[in-house]
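Written out below as structure tokens is the structure these notes cover.
Rule-based calculations on the coordinates, nothing more; no lab input. Every value quoted in this text rests on a predicted model; they were computed, and no experiment measured them. Cβ: placed from backbone, ideal geometry, glycine included. Neighbour counts: every protein chain shown.
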Amino acid sequence: MDAIVGFFSVALLTATLRSAAPLVFAAMGGLLSERSGVTNIALEGLMLLGAFAAAAGAWFTGNALLGLLVGVLAGMLGAVVFGLWAIGLRADQIVAGTAINLLGLGLTAFLVQRIWNQAGGSPSVARLPSFEVGGSTLNVLVPLAFLAVPVVHWVLFKTTGGLRLMAAGESPRAAESVGIDVPRYRYAAVLASGLLAGLGGAYLSIGDLSQFTTNMTAGRGFIALAAVIFGNWTPLGTLGAALLFGFAQALRFQVQALNWPIPQDLLIALPYLVTLLAVTGLVRNSQPPAGLGKHATSD
Amino acid sequence: MSPRFKTASAAPASRRAVLKVAAAAPLAAVFGGVVVGRLGAQEPVVVTMVTDTAGLGDQNFNDLAKRGLDRAAAELGIDPRVIESRDAAAYIPNLTQAAEQGDLTVGVGFLLTEAITEVANQYPDDNFLLIDAVSEAPNVAGVTFREHEGAFLAGVVAGLMTETNTVGVVGGIAIPPVIRYAVGFEAGVTSVNPEAEVIVAYADSFSDPALGKELTLAQYNQGADIAFPVAGATGIGSFDAAKEQGEGFWVIAADADQSQLGAEQQLAVAAKGVDTAVYALSEQVVNGAFAGGEQSLGLAEGGVDLLNPGGFVPEEVMAIVERYKQAIIDGAITVPADEEELAAYTPTAPDALPAAAATPAAGATPAA
């Protein structure tokens with residue numbers, strides 16, 4: 001009994017929150033973008049830009065908060081480029097998103113070389129403050145990530161702008177016919193997704209760790225997008241999906257640390273297995289926004 | 001930034017040029033001046049290193065290879081080039097490009113074994129160096145390290161210095177070199193401290209530091225006070241974990257000294273001479289003396305060692321380390337290299353070591 005109680009410790013909870021937080025940031029961004037009708041597979045690249053710029057900002061200024069600001073701005077800048085392609089120039093959104101992902105990977109690796117004259121990562125930089133919960137450490141971005149969920153929920157469902165944004169995502173033609181400036185709402189949503197993905201990236205480089213390394217996002221942007229789909233394009237559902245994945249990760253860390261005679265491969269696959277089971281069991285009538293990927297009739 | 005050093009007129013020729021000169025030898029008597037002229041305009045030997053997916057900046061394995069390359073550039077005047085591999089699908093194109101442009105192609109890591117064998121077979125006249133594995137192709141020099149011997153000494157340090165009787169290994173991907181590290185470490189720990197528990201966890205990535213941090217934190221939470229990351233850039237996170245936990249939590253670095261990540265957290269280093277291997281093979285090519293085939297480097301060859309750069313390991317512990325080191329060099333202890341050998345391994349306690357090495361290291365005579 002003690003073993004079971006000991007197993008579900010504060011450490012397991014905080015590890016869950018730490019693993020889920022960057023996913024929550026990026027997923028909230030993805031959610032806004034997708035609800036406005038723009039498929040956003042660029043999250044991974046936007047996160048990476050944010051992670052890099054945050055570390056670079058912290059390195060140049062010596063101040064982690066300024067680094068955070070730079071990281072967020074870089075995520076938004078990447079989102080502007082993505083928006084210009086995917087909304088303004090009416091490019092295929094998947095292709096534009098892939099381009100941003102490649103840009104994020106290549107540009108950050110290049111700039112690391114230029115700035116620090118070394119390949120693959122930054123030196124150690126200033127880190128955002130953190131606080132202790134029951135002997136475990138959480139950085140200040142963790143509560144902010146979870147605070148973003150009710151904010152996104154409120155914006156989407158309780159404000160006129162949010163409802164118009166969702167109208168642009170459901171049926172861009174119908175929205176236009178009643179005078180909604182569809183591209184404008186989409187730009188706003190994509191910009192917000194850049195802000196949030198930038199926060200998710202900064203979380204990794206100056207929140208959780210204290211340096212940038214090449215491709216440090218390691219697919220988290222794609223997992224965030226999966227959380228949006230798994231969460232049926234709602235903020236609370238997406239939060240649940242991100243938490244489930246974070247919990248499965250934390251469970252994996254914990255079981256690996258307990259040194260039980262379980263094959264390592266199985267433990268490594270655990271988060272993905274749990275997600276797969278949850279998706280097959282829970283997602284019955286997942287409904288994407290009807291206008292997802294469709295361009296507005298006019299600019 | 002890549003320094004292109006001009007070869008001095010006396011600089012040794014590349015392999016290709018050597019062949020050209022050899023072919024021209026009968027004519028040399030007649031057109032001697034021409035041949036010398038060609039040698040004078042000799043381009044430097046090009047050595048191209050192809051990284052694994054962890055890439056440069058892992059502050060570890062790939063960076064260590066790069067260090068050897070840079071040293072060869074500075075001292076031998078080679079033209080150093082690096083191609084980074086973004087994913088496993090890039091290995092063959094990258095190695096092909098390297099073979100096309102260079103005189104020696106260095107594949108950094110076990111993960112490139114199949115790719116380098118394939119490319120080496122397509123370029124039978126080119127020279128290849130594979131770190132950490134052996135290839136079937138005759139023109140590939142496969143340099144492997146007996147990491148388990150260095151890791152054993154790291155395990156001795158960990159076993160003697162843990163205050164919680166629990167230590168952890170964070171592996172990148174469970175490939176033979178990483179397994180050798182983990183197994184050797186465990187054998188070292190149990191030799192000096194049969195009570196101690198060794199936790200082994202694999203990340204399944206060499207390039208995810210956030211993941212490495214969480215795995216290390218979980219081990220610390222489970223009672224470990226020393227972590228041994230063998231995980232490329234993933235292991236960077238172990239230092240962040242140790243910093244966060246504060247005093248009394250340590251990291252033992254693998255492959256390279258990682259003081260820059262946390263000099264106060266790094267207890268010791270199980271060093272691996274990847275840089276030495278890259279340098280030595282570059283030198284062979286420059287001298288036209290390249291030989292393919294297999295080479296295994298351990299404690300006896302100076303290919304691996306235990307370093308104490310921070311001085312955190314006390315004298316008396318280092319003395320025991322030296323005795324084990326001598327015993328391994330002398331063959332008195334055979335360090336297990338895989339799980340099976342570990343299961344069959346009977347730990348040798350410090351008291352049971354050959355008494356000969358009372359004054360370690362200084363008067364160490366080669367085994368007869």
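Taken over the Cα atoms of segment A:160-299, the convex hull encloses 142 Å³ per residue.
Rounded to two decimals, the Cα radius of gyration of segment B:48-170 over 2.2 N^0.38 Å is 1.23. When the Cα atoms of segment A:13-86 are aligned to their principal axes, the ranges along those axes come out at 39, 36, 14 Å in descending order.
Over the protein assembly as shown, DSSP H runs of length four or greater, each weighted -39,500 (n - 2.57), average out per residue to a 222 nm ellipticity of -18000 deg cm²/dmol. Between the helical axis of A:182-202 and the longest alpha-carbon principal axis of chain A there is an angle of about 10 degrees. Students often get this wrong, so check it: of B:Lys66/B:Lys272; B:Lys213/B:Lys272; B:Lys243/B:Lys325, which have C-alpha atoms separated by over 25 Å? B:Lys243/B:Lys325, as the Cα separations exceed 25 Å there.
Relative to the 2.2 N^0.38 Å rule of thumb, segment A:103-203 has a C-alpha radius of gyration ratio of 1.53. On the principal axes of its alpha-carbon atoms, segment B:217-368 has extents of 50, 43, 34 Å, going from largest to smallest. Pull up the DSSP beta bridges for the protein assembly as shown and report the antiparallel fraction as a percent, rounded to 5. Approximately 20 percent, going by the DSSP bridge assignments.
With Cα atoms as the point set, the radius of gyration and Dmax of chain A evaluate to 19.4, 65 Å. Remark: C-alpha extents of segment A:178-245 on the principal axes read 49, 25, 16 Å, sorted largest to smallest. Counted by Cβ distance under 12 Å from A:Met28, the other residues give a net charge of 0, where Lys and Arg count +1 and Asp and Glu count -1. Among B:Phe206, A:Phe25, the ranking by other beta carbons within 10 Å of each residue's beta carbon, starting with the fewest, stands as B:Phe206, A:Phe25. The equivalent ellipsoid that matches the C-alpha gyration tensor of segment B:137-235 spans semi-axes of 24, 18, 8 angstrom, in descending order. For the pair segment A:206-269 and segment B:227-261, the centres of their Cα atoms are 22 angstrom apart. Can you give the percent of C-alpha pairs in segment B:157-200 whose distance is more than 17 Å? That tail contains 27 percent of the Cα-Cα pairs.
Report, in cubic angstrom per residue, the convex hull volume of the C-alpha atoms of the protein assembly as shown. With only Cα atoms used, the protein assembly as shown gives 182 Å³ per residue. Remark: B:Thr162, A:Thr238 ranked as B:Thr162, A:Thr238, counting other beta-carbon atoms within 10 Å and listing the fewest first.
Each of A:Val142, B:Val313, A:Val80 was scored by other Cβ atoms within 10 Å of its Cβ. Listed from fewest to most, they are A:Val80, B:Val313, A:Val142. The C-alpha atoms of chain A define a longest principal axis, and helix A:141-158 lies at about 30 degrees to it.
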